[in-house]
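These notes concern the structure reproduced below.
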Amino acid sequence: MNTPHTIAVLGLGRMGDAIATRLAALHWDVIGWTRSGRTSGAVRTTGDPHEAVARADVVLLALFDGPACQQVLDDVRGSLRAGATVLNTSTVGPEQASELARRTGPSYVHAPVLGSVTAVAAGALRFLAAGDPQALDRVRPVLEALGTVCHVDDAAGAAALKLVANHSLAGAVLALREALRQADALGLPRSRVLDVLELGQLGGLVARKRPFLTDPPATAPAEFTISALVKDMALLADASRVPLRSAAGLTDARTEPGWDFVGAATVPAVADAVLEPLRAYVRGHATGDPVHFRAAFLAGARIEGVRDGAFVSWTLDEYGALFPGRPAVDEPTRSRRIDSAEVHGTVGTATMTLRHGGDTFTDVFLLVRVDGGWRIANKVYHRHP
């Protein structure tokens with residue numbers, strides 16, 4: 001194994017700067033370059049990427065996405081010295097990773113990282129590394145200076161595994177969001193809630209990120225931003241072609257892209273205004289009085305589903321005619337629960353569970369904001385006998 005002498009780090013954002021700083025502190029010869037021109041000053045830099053790579057044994061990429069990697073590599077390809085290895089730690093899609101590997105050849109190692117800025121400083125990153133065995137052997141000293149190496153068969157697999165790992169992170173944030181929203185609805189003090197959550201399955205995340213979860217949250221530099229996690233979830237959804245709730249759940253107009261990703265857990269629940277038509281709908285069922293449905297639905301709304309094996313599509317008047325104007329005899333034993341409500345600008349979606357005697361109904365709603373308020377534009381249902 002030959003130890004590289006000079007490392008060019010292309011991309012000096014949060015992770016790239018932390019990686020370059022650690023390698024320099026371990027007495028590697030490091031030269032950095034960043035497209036923005038902004039640096040922390042912790043490592044020697046140049047304004048010319050060609051100068052950075054011209055004498056580097058290893059060219060380490062720490063860029064935001066696949067297009068950035070391709071653009072930078074295409075630009076500096078002619079300046080790469082003979083025998084230099086390209087080590088890409090960026091998070092990109094599987095197809096992008098395959099294309100980068102194909103275009104760069106056997107000198108390319110794809111090695112996305114598990115871990116954040118604090119893990120870099122501790123030398124505790126985990127790399128999902130794929131590449132030609134000889135190329136991997138050349139960059140192993142660099143990787144082991146930063147953490148541990150998990151070998152993966154190919155670049156696409158390494159990229160896909162990184163996205164799946166980040167999906168679990170997004171799922172944890174959304175679970176934490178739900179826990180905090182329920183606690184807020186119950187009037188529980190945030191500090192006490194966080195104390196208890198630290199004892200459970202989300203404990204590690206809560207303990208690490210507690211300053212961002214307090215009310216009000218502390219202002220501290222983000223280690224991994226919401227915008228980066230949203231980008232990764234979009235890449236995963238595009239690659240898998242499987243619906244991914246976390247991709248939409250993390251995209252919220254009330255968050256700032258530069259927030260630490262865990263800030264997505266503190267987004268408030270939807271405003272009561274969105275729930276009002278759903279509550280009016282519940283009152284219609286509870287009282288049997290269809291006048292409440294007129295407060296819930298748009299005049300042209302449709303109520304649709306499968307009834308006795310046939311598809312039905314009622315107008316609002318036809319639907320209201322099904323109700324006698326008085327509560328059902330067994331109303332005290334019936335229940336209705338709003339399960340979810342999400343807003344996307346001027347439209348929203350919601351689901352509800354209704355238990356009426358021996359039947360359970362799942363209702364799915366499309367809502368719109370018109371004339372300063374919310375109304376149900378369409379309802380579809382499924383009856384569980």
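The values are calculated or read from the model by the stated rules, or taken from the named source; none is laboratory data. From a predicted model like this one, the values you see are computed outputs, not experimental measurements. Cβ sites come from the backbone with ideal geometry, for glycine too, and all protein chains shown count toward neighbours. Please note that ligands, DNA and RNA were not included when accessible areas were found on the heavy atoms of the full protein model with its side chains. Shrake-Rupley method; radii C 1.70, N 1.55, O 1.52, S 1.80 Å.
Some notes on this structure:
- Between E95 and T360, full extension at 0.36 nm per residue minus the direct alpha carbon distance yields a gain of 91.0 nm.
- Averaged over its residues, the range 233-371 has an accessible area of 53 Å² per residue, based on protein heavy atoms and a 1.4 Å probe.
- Shape class for the range 30-95: oblate, because the ratio a/c of the largest to smallest gyration tensor axis (alpha-carbon atoms, square roots of eigenvalues) is 1.5 or more and b/c is at least a/b.
- Cα gyration tensor, the range 136-194 - rounded (a/c under 1.5), prolate or oblate: oblate
- Prolate/oblate/rounded call for the chain, Cα gyration tensor, a/c under 1.5 rounded: prolate
- Using C-alpha pairs below 8 Å separated by at least 6 residues, the relative contact order for the chain is 10 percent.
- A Förster radius of 56 Å combined with the Cβ-Cβ distance from V329 to R241 puts the calculated FRET efficiency at roughly 0.70.
- Computed [θ] at 222 nm, deg cm²/dmol, the chain (DSSP H ≥ 4; -39,500 (n - 2.57); rounded to nearest 500): -12500 deg cm²/dmol
- Cα extents of the range 204-319 along the three principal axes, largest first (Å): 56, 36, 25
- The range 48-102: relative contact order as a whole-number percent, Cα under 8 Å and 6+ apart: 47
- Label-to-label distance, T353 versus A273, with points set 7 angstrom from Cα along the beta-carbon direction: 3.0 nm.
- FRET efficiency, T214 to A122 (Cβ-Cβ, R0 25 Å, nearest 0.05): 0.55
- Percent antiparallel among DSSP beta bridges (both partners in the range 35-164, rounded to 5): 25
- Applying 0.36 nm per residue to the separation of T287 and E342 and subtracting their alpha-carbon distance, the gain on full extension is 17.1 nm.
- Percent of Cα pairs in the range 253-385 per distance bin of 10 Å, from zero to the largest separation: 12, 39, 31, 12, 5, 0.
- Spin-label model, A321 to L186: label points 7 Å out along the Cα-to-beta-carbon direction sit 4.7 nm apart.
- Nonlocal amide H pairs with T360, under 5 Å, H built at 1.01 Å: H384
- Note on the chain: antiparallel DSSP beta bridges, both residues inside, total approximately 60 percent of the bridges counted.
- Spacing of the modelled spin labels on V368 and H384, each 7 Å from Cα toward Cβ, amounts to 3.1 nm.
- Carbon and sulfur %, accessible surface of the chain computed with the full protein complex present, 1.4 Å: 55
- In the context of the full set of protein chains, residues of the range 1-160 present 42 Å² of accessible surface per residue (probe radius 1.4 Å, heavy atoms only).
- Packing-based ranking, highest mean first, of 311-317, 360-366 given that Cβ atoms within 10 Å are counted: 360-366, 311-317
- Ordering of 335-342, 296-303 by packing is 296-303, 335-342, highest average first (other Cβ atoms within 10 Å, averaged per residue).
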